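The structure under discussion appears below in the form of structure tokens.
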Amino acid sequence: MPVRSPLLGQPCSVVGPSELRAWTVNVGVDAFPLFSEHRLCGATVLPGAAVVEIALAAAWESSGRRPYAVNDLRLERVCVIPSSGERWLRSSLSAGPGSGLSLAVTGEQGGSAGTGQIPTGARYATARIEPVTRATSVPGDLGQRISAFRKSATEKSSDSFFADLRRAGVEYRGSFRALRSLWQFGRQAYATVSSEPALGSDEEFPAWVAHPVMIDAAVQMVAAASGVQDRAFVWAGCARVMVHGKLEPDCQAFAWSHLVSEPDEVEGDVVLLGSAGRVAAELLGVRLHLLAGGGEGGPTAPALKVRREPTFAIASTFDVEPLRGRLAARMEASGLSVQVVVEPKRSGVSELTAPGGVLAANRDGVNLLLLRREDVYGDVGCTRDRGGSGKYFFLPEVGEIAHLNQYETEYLYEEIFAREAYLRHGVSLQPDDTVFDVGANIGMFALFAHHRCPGIRVFAFEPARAAFEALVENASRYFPEDGIFNFGISDGDRVIPFTFYRNSTVFSGFSPNLERDERNIRAVIHNVLQDNVVTGSMDLRPIVDRMVRDRG
């Protein structure tokens, strides 16, 4: 039999035919001094994470097997712990659906631990406990996503994070301040977690299943990802908690928040990663209930809101903002109360479905991912005209860009993205680099630099008006914070003639050489045509001659 968790307490008598087993435990600060470090609005309160430990420990002791998942966790009442004396809780298991179990945690201040006659008028929490049927629910490329996130995120002092929470009424002391380095960006957060010495030694507490300090740190990460450090909150519930083995005292945490329509709630997912990136625990659908204000009067039990306005989330690699308004109007005309949300940044399919995006965040309604054929198969090209607004080209891994000539754009994609010809001879890109792109044309290298290193900064210079206009549009979509300039770079301040080849813009410049330019243009056009025509099927020279003749 497993050694009993300290938070499960001692067995007591069952009540009625539905209960299978029951336990009582004194969670007063004399028995668990650790809980004195977890305070809300001036009062010591039992962490909701303690209920997770009770649920997993009860299932483990009852069946002798692990791991189990805690599903539909509902923390219905704040359990205030007196500064001295006892605080008894009663935990009971009943048969649930299938092979699962149902947990109820009840109790009131006072009562006797030996007889099981703990008053049950106050119900603090309920949950369903079921065997884990799959190893993990997190994305397989989570490590890569964390790495990309940290390149664009801002590091924040964990002391500052906890100070903000304390001013709002949520105070973590000592062991419950396990978050160390903390990064935040958008609806995501990453942190290193160190809980030493809170977990204690294996000899002291050999049967901790999911130590409350670790689980509470995960809940704190949802608050960080949601940006609610200025509001007092309580953990109201969770869709699913899975612990995959013993939690390590040092780990990483990555959280992303969801879109919810309730003004007084936030929700998110969080993953704890152990050594070598192993998924140690995951909490899905963590709900935080925001309180009206802090103060020293102590918290009251918040009424949990169950009904939510569903969300219709749309993500696409092209502009679908006009669809949002039409869809919202149609829903309203049909008498449906639905929140329509559109992913504001058009990007690749993997980015649209990543944690922190509107699709991953939406758990209360319908998700719609709009794709074109080239989005799925990664076709280069698909140039199309938009009347007076110019030409647009689908660029794999980036999205739709403004451009001028298809053969040039294909050539630049092959040279810059496919062959990475600009990263040679010791040239490299790092996340904090600043790049001067002189002769930026439509911004292909700036697009590549931001795709390779999201935190990079580019200053792009392009004197040709037509190319500059395309550069401005691409910058507004994909790198709006960079510097864009409609002039060239020289060793002095002067005005000199500029030769612009309308159909061969990459060969435009201040020092034209007609013979050299024609030779280079012929080579580029011939190579592009050859890549798109079956070898020997036609004579390419007449086509090259015509394109070179019309290059000016």
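Bear in mind that the values in this text are calculations on the coordinates, not laboratory data. Just so it is clear, the model here is predicted, and its values are computed rather than measured. Positions of Cβ are generated from backbone atoms using ideal geometry, with glycine treated the same way; all protein chains shown enter the neighbour counts.
Local charge sum around residue 457 (other residues, Cβ-Cβ under 15 Å, Lys/Arg +1, Asp/Glu -1)?
On the way: positive: 151, 452; negative: 432, 433, 437, 481, 482.
Combined, the nearby Lys, Arg, Asp and Glu give -3.
Set the Förster radius R0 to 35 Å, insert the Cβ-Cβ distance between residue 498 and residue 326 as r into 1/(1 + (r/R0)^6), and round the FRET efficiency to 0.05. All intermediate terms of the calculation are to be shown ahead of the outcome.
Values: r = 45 Å, r/R0 = 1.28.
Efficiency for this residue pair is about 0.20.
How many nm is it between the label spots at residue 472 and residue 430, if each spot is 7 Å from the Cα in line with the beta carbon?
3.5 nm
If each residue's Cβ is checked for other Cβ atoms within 10 Å, how do 469, 410 rank with the fewest at the top?
Numbers: 469 16, 410 19.
Taking fewest neighbouring Cβ atoms as first place, the list is 469, 410.
Can you tell me the length gained on complete extension of the stretch residue 192 to residue 292, counting 0.36 nm per residue apart and subtracting the Cα distance? Please report the intermediate quantities before stating the final value.
Details: separation 100, 0.36 × 100 = 36.00 nm, distance 3.03 nm.
Length gained, residue 192 through residue 292: 33.0 nm.
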